[in-house]
Amino acid sequence: MAVRAVRGATQVEADDRAQVLAATTELLTEVLHRNALSSDDLISVVFTATPDLHAEFPAYAARQMGINDVPLLCAAEIDVPGAMPRVLRLLAHVETDLSRAQLRHVYLRGAAALRTDLPQ
């Protein structure tokens, strides 16, 4: 079993608490599903949000999903001029038998434009 890191991102339409929670839940669920992982496989998850999102901590969505024994961290993305707005990202450290090449990074909604090289 190896420790791997898997990435993901999604975009919300507005800085709205319900949208942040729903989009984060959808993103984390898809990362786990596409990589055949369970919450027991999570080592830690770092969530980031662009500076225009501050209605809720994305990690709260993971807690609402029942992920209570995994270290979670929220941080703000660098405010780069011209960067895509309203983006939530995650970096999950996991235990898995998948190789790096087999991992499925997940980019949803408008954030799919950030990684057009990945299969959706």
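The values are calculated or read from the model by the stated rules, or taken from the named source; none is laboratory data. Keep in mind the model is a prediction, meaning the values are calculated, not measured. All Cβ positions, even for glycine, are placed from backbone atoms using ideal geometry, and neighbour counts span all protein chains on display.
Listing for the model above:
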read-out	value
Residue among V80, V6, V70 that is touching a Lys or Arg at 6+ places or on another chain (Cβ under 8 Å), aliphatic (A, V, I, L, M) and either under 22 Å from D117 (Cβ atoms) or in a loop (DSSP other than H, G, I, E, B) (or both)	V6
Selection from the stretch 80-98 of residues that are loosely packed, with under 13 Cβ neighbours inside 10 Å and touching a residue at least 24 places away in the same chain (Cβ under 8 Å)	D97
Matching residues in the stretch 21-45 - criterion: being β-branched (V, I, T) and crowded, with 18+ Cβ neighbours inside 10 Å	T24, V31, V45
Residue check for L114: surrounded by 12 or more Cβ atoms within 10 Å (Cβ to Cβ), closer than 21 Å to R17 by Cα, under 14 Å from the mean Cα position of the chain (by Cα) and not hydroxyl-bearing (S, T, Y)	no
Any pair with Cβ under 6 angstrom, 6 or more apart, that starts in the stretch 61-79 at a residue that is of a type in the set (A, V, I, L, M) and ends at one that is part of a loop (DSSP other than H, G, I, E, B)	A76/P51
Residues within the stretch 89-111 that are among the hydrophobic types (A, V, I, L, M, F, W, C), closer than 20 Å to A22 by Cβ and at pLDDT below 95, tallied	1
Complete set of residues in the stretch 89-111 that are more than 14 Å from the chain's Cα centre (by Cα), aliphatic (A, V, I, L, M) and farther than 17 Å from H33 by Cβ	A101
From the options S44, S38, residue that is modelled with pLDDT of 95 or more, touching a strand residue (DSSP E or B) at 6+ places or on another chain (Cβ under 7 Å) and not aliphatic (A, V, I, L, M)	S44
Candidate set: the stretch 23-39, residues that are outside any loop (DSSP other than H, G, I, E, B) and free of Cβ contacts under 8 Å to residues at least 12 places away in the same chain; chosen: the one nearest to V94 (Cα to Cα)	L32
Only listed residue being farther than 20 Å from D97 by Cβ, within 15 Å of the chain's Cα centre (by Cα) and buried (at least 16 other Cβ atoms within 10 Å of the Cβ), chosen from A76, A59	A59
Failed item, numbered, when A2 is tested on (1) among the hydrophobic types (A, V, I, L, M, F, W, C); (2) more than 13 Å from the chain's Cα centre (by Cα); (3) under 17 Å from P85 (Cβ atoms)	(3)
